[in-house]
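Take a look at the structure set out below.
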Amino acid sequence: MQFIPYSCQQIDDSDIEAVCRVLRSEYLTQGPAVPEFEESFARKHAAAHAVAVSNATAGLHIACHALGVGPGSLVWTSPNSFVASANCALYCGADVGFVDIDPQTRNMSVTDLAARLSRAKAEGRLPQVVIPVDFAGLPCDRAELRELANQYGFKLLFDSSHAVGATYRGEPVGSNHADVSVFSFHPVKVMTTAEGGMVTTKDAELASRLRLLRSHGITREASQMSAPPEGAWCYEQQSLGFNYRLTDIQAALGTSQLARVDAMRVRRDALARRYDELLAALPVFRPARQADRESAHHLYVVQLDAERCPAKRRDVFTRLRTAGIGANVHYIPIHLQPYYRQRGFGPGDFPHAERYYEGALTLPLYPALTYEQQDYVVNALKNALGA
Ligand SMILES: *Cc1c(COP(=O)(O)O)cnc(C)c1O
């Protein structure tokens, strides 16, 4: 059997056509394809504004900036995420803290957040921004998070890198409840532009700040300038921004991929349900399903149940890799990375995230995975677990 990765992009002829059309056109960047992609992404996610960026890390960076994060600010996120969810605050000179996860959903625990907020309030050091992560594509507890945000006055920046196309109480993520949401289009995610990301918000002023920050802090709109421009060549730099633009080549791929996002999600959902059934008798915890939300199923992560399962995660991982299966682990808790340990974090700080990590194992899940390949993965896992 061919090597089975944990995730991979799905590129079809219409994607290739779309990219080739841009290559034959006048603009490779800053042409019409980016605003077209932004409009279709905003429509799909019921968001008033969508700002395309070069990757989700850049999106998280300018989102923090636009929300006013700077030296002296405090930002909290989930330790069960990719390091970018925390690094974005440090880029702005802010301090980072973490909130432990709910072991069932593996998302930020609302209970732990509430407890930490009440302590932080007593100590006079509340976070300005909280960044919950829709882990594996399962939407976080948005209503409860919004209530706490209103009560304690922090902004909610969702890292929805895994959650393109996911829904919460019938609405797409990226619209309600969030101040800002960020999505990733890296090839392992649910849709791709190679590198790429999107920032959505319902706030017009935030959106225009994000657009400025994406492109050097420069505007070419006469209506936004401090004085009437002397001529059509004029532009104004109004803040210190970056070059975080997406190209037209990537945006065309994005629009084409977005048209298949629902179909790809349905396929991922069918494969995830099939895993749920095939793994039911094994000594592992399967991903949670919640009736009021639909996961984008970016990842299918099982957690070995230490009480029922004598096998070590490391050995199970190695046996799957030896069988040609690209098992993976999501995530090493961010606070246990050497860089974060240097900043004062350490083992024991976020016990649920740490315990989850000890047994976590990501199995292959992507639209082109066949049932035959999936059966092969399940059998290899059974053997590796000694079940
Ligand atoms: C992939 C990922 C990112 C970073 O996305 P890029 O587009 O690669 O910059 C950030 N947060 C999470 C949770 C991710 O999975």
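All of the numbers you see were taken from the coordinates with simple rules; none came from a lab. Note that the structure is a prediction, hence the values are computed from the model and not measured. Glycine gets a Cβ as well: all are built from the backbone with ideal geometry, and neighbour counts include every protein chain shown.
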Discussion item. If you take every residue apart from residue 266 with its C-beta less than 14 Å away from the C-beta of residue 266, what net charge results, scoring Lys and Arg +1 and Asp and Glu -1?
Written reply: +3
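Taking 22 Å as R0, compute the FRET efficiency from the Cβ-Cβ separation of residue 188 and residue 263 and round it to 0.05.
Calculated value: 0.75.
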Worksheet entry | Highest to lowest packing among 129-142, 243-256, scored as the average C-beta count within 10 Å | 129-142, 243-256
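Counting only DSSP beta bridges with both residues in the chain, what percent are antiparallel, rounded to the nearest 5?
Close to 65 percent.
What is the local net charge at residue 14, summed over the other residues whose Cβ is closer than 12 Å to its Cβ (Lys, Arg +1; Asp, Glu -1)?
Values: positive: 21, 260; negative: 12, 13, 15, 17.
Overall, the nearby charge balance is -2.
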Worksheet item: To the nearest 10 degrees, how steep is helix 110-123 against the longest Cα principal axis of the chain, on a 0 to 90 scale?
Response: 60
Response to the item:
Taking the chain, the lysine pairs whose C-alpha atoms sit under 20 Å apart (8 or more places apart or on different chains) add up to 5
Worksheet entry | Taking the chain and dividing mean pair separation by its residue count, relative contact order in percent (alpha carbons under 8 Å, at least six apart) | 23
Worksheet item: Suppose every K and R has +1 on its Cβ and every D and E has -1 on its Cβ; what is the size of the dipole of segment 224-355 about the Cα centre, in Debye to the nearest 20?
Response: 760
Discussion item. Output wanted: per-residue J couplings in Hz (rounded whole) for segment 226-242, from phi through Karplus 6.51 cos²θ - 1.76 cosθ + 1.60, θ = phi - 60°, x for Gly and Pro.
Written reply: 6, 9, x, x, 6, x, 5, 7, 6, 9, 10, 8, 10, 8, 8, x, 9
Worksheet, complete the sentence: Taking Cα atoms only, helix 261-278 is inclined relative to the longest principal axis of the chain by an angle, in degrees rounded to 10, of 20
Response to the item:
The summed charge of the residue 370 Cβ neighbourhood (under 15 Å; Lys/Arg +1, Asp/Glu -1) stands at +1
Worksheet item: Which whole-angstrom value gives the distance between the alpha carbon centres of segment 255-269 and segment 100-130?
Response: 34
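Could you tell me the calculated FRET efficiency between residue 318 and residue 28, based on Cβ-Cβ distance and R0 = 51 angstrom, to the nearest 0.05?
0.70
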Item to complete: Could you work out the per residue convex hull volume over the alpha carbons of segment 127-233, in cubic angstrom?
Response: 137
Worksheet item: Given 361, 310, 85, which one lies farthest toward the positive end of the charge dipole of the chain, if we put +1 on the Cβ of every Lys and Arg and -1 on the Cβ of every Asp and Glu?
Response: 310
Worksheet entry | Long-range amide H partners of residue 293 with built H, under 5 Å | 169
Worksheet, complete the sentence: Helix 371-385: inclination vs the chain longest Cα principal axis, degrees, rounded to 10, gives 60
Worksheet, complete the sentence: Expressed in angstrom and rounded, the centroid-to-centroid distance over alpha carbons for segment 1-80 and segment 194-222 is 12
Worksheet entry | Assigned charges on the beta-carbon of Lys, Arg, Asp, Glu; the chain dipole about Cα centre (debye) | 740
Worksheet item: In the calculated pair distance distribution of the chain, what percentage of Cα-Cα distances lie above 36 Å?
Response: 25
Practice prompt. With a 10 Å radius around each residue's Cβ, average the other Cβ atoms per peptide and rank 226-237, 8-19, 182-193, highest first.
Written response: 182-193, 8-19, 226-237
